[in-house]
Amino acid sequence: MAEQRRSKPGASGNGRAGGQRRTGAAPGGRGQAPRSGRGTGDEKRRDSRSGEDKRRGPGDDKRRDSRSGGERRPSGDRRPDRAKSGPPGKDREKMAPEERTAAQQIYDGPPLPEDITGKELAADVRAQLKSLPEKLAQRVARHLAAAGALIDDEPEIAYQHTLAARSRAPRLAVVREAAGESAYAAGRYAEALAELRAAKRMNGATAYLPIMADCHRALGNAKRAIELAKSPSVAKFAAEAKAEMTIVEAGARRDLGQLDAALRTLELSPINSKSRESWVVRLRYAYADTLEAAGRERDALSWFHRTNAIDADEVTDAADRAEALEKRLPD
């Protein structure tokens, strides 16, 4: 993520999405899963090939449990349940890594901190998990809460927690959203894009578009990022989300060597807003950085100072960038 999503923008200034963290935690606190997404608990599933309701009769060998996406086997089937597979008499989570298959390790996930209960999640997220059996919902909730708590400092482990949740509840949009956003935080852009696409198909949400566009940038598809930035739904975004998309679009323009277009994109945004919120700080920083890239160093110096003036939380390194320019420019 060169200029990463949630940390302060780096010197490269490539304009990737950033600012307020979206991954694994809902606005308002760490340890919460994303608020968007709707659970999928319908008893009837659509057959994607024919468009007709597909029901299974009592004689079918396998039945789908619509709550968890798992399989219910006939009563006479003595095969071990997937969640309990492994060497007899051993707790799967206590087995040495070499004793478990890769799939089992993903399913188990990293060890869950004892103080993580799942109650850390936002109420609306917990409500979406109610479509699952109680014990399964609790386990999924704990993995999502652990991911939210770890996303800033250990994004890769946070991602592994969301994979464990996804292994248990792959049909819940909120789970796929968390997996996508944690993958993004860990720099796994292809995985992030796939998970967020899945979540968007499930719940129709457009809030993921800035991250998806940034993933396209990271994967070398700047044109696709610009296409997403021009999506009609972006016009209805809140100010912060619009700023995120503007920064990504400007960065994509720079990727294509379109510095003038990148500057125009940022100049049409509220960079002169009197607000001191982080999204304004980041817009100004992106503009200053692009000015410097375009060779307009004195203008860039002015905007780095204007950025620093409202950056009380030190979201950016604008002060350092301004000092570096002052040393380089003639008196």
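The values are calculated or read from the model by the stated rules, or taken from the named source; none is laboratory data. All values reported here derive from a predicted model rather than from experimental measurement. Because the Cβ atoms are built from the backbone with ideal geometry, glycine has one as well, and the counts that use them run over all protein chains shown.
A few notes on this one:
- Meets criteria (surrounded by 15 or more Cβ atoms within 10 Å (Cβ to Cβ), at pLDDT 95 or above and more than 27 Å from the chain's Cα centre (by Cα)) for residue 325: yes
- Pairs where the first residue, in the range 283-294, is assigned by TED's automatic domain parsing to the domain that holds residue 307 and the second is of a type in the set (S, T, N, Q) and in a helix (DSSP H, G or I), C-beta under 7 Å, 6+ apart: 283/246; 284/307; 285/307; 288/307
- Per the conditions (1) crowded, with 18+ Cβ neighbours inside 10 Å; (2) closer than 22 Å to residue 313 by Cβ; (3) not small (Gly, Ala, Ser), the sole criterion not satisfied by residue 253 is (2).
- Cross-chain or 6+ apart pairs with Cβ under 8 Å, the range 182-204 first and touching a residue at least 40 places away in the same chain (Cβ under 8 Å) and closer than 13 Å to residue 157 by Cα, then β-branched (Val, Ile, Thr) and assigned to a helix (DSSP H, G or I): 182/162; 184/211
- In the range 116-138, the residues that are surrounded by fewer than 20 Cβ atoms within 10 Å (Cβ to Cβ) and out of contact with any helix residue (DSSP H, G or I) (no Cβ under 7 Å at 6 or more places or on another chain): 119, 123, 124, 127, 131, 133, 134, 135, 138
- Where residue 190 falls short, out of the listed (1) at pLDDT below 95; (2) small (Gly, Ala, Ser); (3) surrounded by fewer than 19 Cβ atoms within 10 Å (Cβ to Cβ): (1)
- Selection within the range 186-203 - more than 20 Å from residue 220 (Cβ to Cβ) and of a type in the set (A, V, I, L, M): 198, 199, 202
- Residues satisfying the stated conditions in the range 109-136, i.e. assigned to a helix (DSSP H, G or I) and over 22 Å from the mean Cα position of the chain (by Cα): 130, 131, 134, 135, 136
- Any hit, the range 172-192, residues being in contact with a Gly (Cβ under 6 Å, 6 or more places away or on another chain) and not in a helix (DSSP H, G or I): yes
- Residue within the range 144-164 that is hydroxyl-bearing (Ser, Thr, Tyr), in contact (Cβ under 8 Å) with a residue 60 or more places away in the chain and closer than 29 Å to residue 253 by Cβ present: no
- Residue match in the range 248-258 (condition: closer than 22 Å to residue 180 by Cα, among the small types (Gly, Ala, Ser) and under 25 Å from the mean Cα position of the chain (by Cα)): yes
- Residue in the range 295-305 that is part of a helix (DSSP H, G or I) and closer than 21 Å to residue 225 by Cα present: no
- Taken over the range 139-165, the criterion of being outside any helix (DSSP H, G or I) and buried (at least 22 other Cβ atoms within 10 Å of the Cβ) is satisfied by 151 alone.
- The range 184-221: number of residues that are more than 11 Å from the chain's Cα centre (by Cα) and β-branched (Val, Ile, Thr): 1
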